[in-house]
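**Student:** Before I ask anything, here is the structure I am working with.
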Amino acid sequence: MTYKLGGSSPESDNADSTAAVSVHDSQSLYWLEEPLQHLFEKVERAKQEWEATADSLPELICLVNEQGRVLRANRTVETWNLGRVTAVQGLDLHELIHPECTGLFCYLKRFLQQAREKANKGQRDKLEAYDPILQRHLLIRVQPISAQKKVAPSTTVVVVQDVTKHKQIEEALRRYTKRLESINEIQNAILAARSPEEIAHAALSRIMHLVPFYQARVALAKPESDDFYVLIADAIGETYLRPGKSFPGQIFKGSEERSPDKFFVIRDLASLAAPSVMEKLLLKEGICSYVSIPLVAEGEFIGSFGLGCSNPDAFSDEHVEIASEVADLLAIATRQAQLTAKLNQANGKLQEALRAKDEMVQNVSHELRTPLGIIYGYTQVIESAELGPLTSGQQRALWVMHQQGDRLRFMVDRLLVLQTFDTGKLQRVQLDLNAWLRQILGPWETRALQAVPSVLFKAEMPCESALLLADEGLLGQVMVNLLDNALKFSPAGGAVCVHARVQDGQIVISVSDEGIGIPPDKLEQIFGRFFQVDGSVRRRFGGIGIGLALCRAIVEAHGGRIWAESQGEGRGSIFYVALPADDGSEGGTGDG
Ligand code: ADP
């Protein structure tokens, strides 16, 4: 038997002697056997490699010849229902993918043609497009097998990837980012708004770009009643649902599930068996679908937010989600605005009360001053024995009256100064620190000794001289007040020490004592008006708690600072006054 190498009929006995080779002619076949064997092995290996790689991939991979016909396709051709692997060989690639396409204006046909031309020049090509026939988003890559340029015509590998899922994820991400941006914008607008009305406007004017609606309504629950107050209502004809109007909550209630404090979506209003008054009204207004979201802030129901649309089933899940997010923002911001309004109202009332109290204190002080002056004057007249001689008992009684009158006048004067204190009216003059302090402290050594109980008094002046620009009278009151307190709160034999130093352009004067001390948490409070560490009626020490408040007002008006230090109760106190030293450049102005 003979075979034709590449011949047609194995049975042909009349074979051409030059072309045919006898199978028995082992000598003449020998030169072919080895390379053929080699070739078969190569082909087998290539087949296995193809199966191991191409068939295991989800992409459609085709080996295409220079005419665009499929030489080989991987198994994806079957997964995509385009035909069997064995049956697609020889088919035009475009016809394989688009079996019923006329190809007239087909994007794929045009692309494959153009890609083949490029492949013939050794170039790759790529296209990403939605395929309306396969209804998939495709990424098609065409690559010539020979990477060498200008080797034509070329066999190509065409890889068709289904990127529909990627595209869907990409699109969802894009939409989500856009939504986040819009929600963020709504949040900023809401935060910038002040009143609940402004907040509702800010939210609705922006949500319309994200959710389609024909009618919107924000109503707030009125405290301690079933009524609602309309903040904003859009495209509703009924007068009692106009902004600024109140309406009974009853008109909202359809069923248990459809009440204003519940979240619900009505896909088709017309299909409701028992519509509420509100739902009937919306139907009349041409609303077909409806979303109602309760406004809840810190667990408390504060109102209701509703969106309506003129076509049924208008709100997708995403729309409802967005509306809920906006409702959450609305609720928080509205609550905040309500609280701020309440706080402002309370603050206004408090300011009013404080003003009335200040006025009252000022009036009372004024009224006290006149009779006090008269009493004081008559005490002096009696004391001088102008109205007749006095017994020693009467003299002692008068002395006590005089002392107490002095104290009362001191307190009333301080009260008046504090109430009428005006920073703009300081009468500043240039003072020499040493001379001024000496003059202030002069009488205090004697006063300390005469005090009951008596106290030791020490003063340490600065070695260097310094100037300060101050209202002499007012600054004098600060010193008097600190010294008066130091004596008042000192035990018998306790030492009161005044110390002054100049440091870094600052004059620091301190008044220390060994008295009752001040608890750490009260060190700042004692500078408040009418504050006393011991404010009880049974307190040991007199006073009305205004001296230090006045001291702080005066010192701060001079651009200085006043503060107290103490190791605690029973361990004495030190009061510091720091004032800017005058470098002499300004001189006394006399008007502060
Ligand atoms: P008051 O007229 O009550 O003395 P102040 O404003 O001068 O008013 O002082 C306020 C409060 O500060 C005092 O009631 C006292 O509790 C406390 N305080 C002031 N100075 C001293 C001090 N040197 N030692 C202890 N406590 C003091």
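Read the figures in this text as sums done on the coordinates, not as results from a lab. If you're wondering where the values come from, they're calculated on a predicted model, not measured in any experiment. No Cβ is skipped: glycine too gets one built from the backbone with ideal geometry, and neighbour counts run over all protein chains shown.
**Student:** Based on DSSP, what percent of beta bridges with both residues in the chain are antiparallel, to the nearest 5?
**Tutor:** 95
**Student:** Would you work out which of H201, G249, Y376 lies farthest towards the positive end of the dipole of the chain, given +1 charges on the beta-carbon of Lys and Arg and -1 on that of Asp and Glu, about the Cα centre?
**Tutor:** Projecting each Cα onto the dipole axis, the largest value belongs to Y376.
**Student:** Work out how much length K126 to A495 would gain on full extension: take 0.36 nm times their residue separation and subtract the Cα-Cα distance, in nm to one decimal.
**Tutor:** Numbers: separation 369, 0.36 × 369 = 132.84 nm, distance 9.71 nm.
Between K126 and A495, full extension yields 123.1 nm more.
**Student:** Okay, next question. Could you point to the residue in L431, S304, Q143 farthest towards the positive end of the chain's charge dipole, with +1 and -1 charges on the Cβ of Lys/Arg and Asp/Glu respectively?
**Tutor:** The residue sitting farthest along the positive end of the dipole is L431.
**Student:** A further question on this structure: Under a plain spin-label model, where a point goes 7 Å from the Cα along Cα-to-Cβ, how far apart in nm are Q503 and S205?
**Tutor:** 5.8
**Student:** With charges set only on the Cβ (+1 for Lys and Arg, -1 for Asp and Glu), what does the dipole of the chain come to about its Cα centre, in debye to the nearest 20?
**Tutor:** Details: 62 positive and 76 negative charges, 155 e Å.
Charge dipole, the chain, about its Cα centre: 740 debye, nearest 20.
**Student:** By how many nm would the segment from N363 to K342 grow when fully extended, if each residue of separation counts as 0.36 nm and the alpha-carbon distance is taken off?
**Tutor:** 4.4 nm is the gain from fully extending N363 to K342.
**Student:** Pop the C-beta distance of E383 and S195 into the FRET formula with R0 = 45 Å and round what comes out to the nearest 0.05.
**Tutor:** Given R0 = 45 Å and the Cβ-Cβ separation, E is 0.10.
**Student:** Given a Förster distance of 60 Å, report the FRET efficiency between E256 and Q351 from their Cβ-Cβ distance, rounded to the nearest 0.05. Before the final figure, lay out the partial values.
**Tutor:** Working: r = 48 Å, r/R0 = 0.79.
So, using R0 = 60 Å, E works out to roughly 0.80.
**Student:** Also, I was wondering about something else. Can you figure out the FRET efficiency of F105 with L39, using R₀ = 56 Å and their beta-carbon distance, to the nearest 0.05?
**Tutor:** With a Förster radius of 56 Å, E is 0.80.
**Student:** For the range 171-340, what does the convex hull of the Cα positions come to per residue, in cubic angstrom? Walk me through the numbers before you get to the answer.
**Tutor:** Working: hull volume 18.4 nm³, N = 170.
Output value, Cα hull per residue: 108 Å³.
**Student:** Say each of T86 and R571 gets a label point 7 Å from the Cα, pointing the same way as Cα to Cβ; how far apart are those two points in nm?
**Tutor:** In this crude label model, T86 to R571 measures out at 10.2 nm.
**Student:** Over 22 Å between Cα atoms: which of K126/K167; K126/K178; K425/K488; K342/K522 fall into that group?
**Tutor:** Numbers: K126/K167 17 Å; K126/K178 29 Å; K425/K488 31 Å; K342/K522 31 Å.
In this structure, K126/K178; K425/K488; K342/K522 lie more than 22 Å apart at Cα.
**Student:** Moving on to the next point. Grab the DSSP H runs of the chain that are 4 residues or longer, score each as -39,500 (n - 2.57), total them, divide by all residues and round the 222 nm result to the nearest 500 deg cm²/dmol.
**Tutor:** After summing the helix terms and dividing by residue count, I get -14000 deg cm²/dmol.
**Student:** Follow-up question, since we're still on this one. Convert 4 °C to kelvin, take the viscosity as 1.567 mPa s, use the Kirkwood radius over C-alpha pairs of the chain as Rh, and evaluate the Stokes-Einstein diffusion coefficient in µm²/s, rounded to a whole number.
**Tutor:** So the translational diffusion coefficient is about 36 µm²/s.
**Student:** Contour minus end-to-end for M461 and E117, with contour as 0.36 nm per residue of separation and end-to-end as the Cα-Cα distance?
**Tutor:** Result: 113.4 nm gained on full extension.
**Student:** If a/c stays under 1.5 just call it rounded; otherwise compare a/b with b/c (prolate if a/b is bigger, oblate if not). Do that for the range 400-530, with a ≥ b ≥ c from the square roots of the Cα gyration tensor eigenvalues.
**Tutor:** Working: a/c = 1.42, a/b = 1.13, b/c = 1.26.
Note, shape of the range 400-530 comes out rounded.
**Student:** Could you tell me which of I183, A557, L408 has its Cα farthest along the dipole of the chain towards the positive end, charges placed at Cβ (Lys, Arg +1; Asp, Glu -1), taken about the Cα centre?
**Tutor:** Final value for the positive-end residue is L408.
**Student:** Oh, and also: What is the ratio of the Cα radius of gyration of the range 57-149 to 2.2 N^0.38 Å, with N the residue count, to two decimals?
**Tutor:** 1.03
**Student:** Which value in nm describes the separation of the simple spin-label points at T53 and A578, placed 7 Å from the Cα toward the beta carbon?
**Tutor:** If labels sit at T53 and A578, their model points lie 8.0 nm apart.
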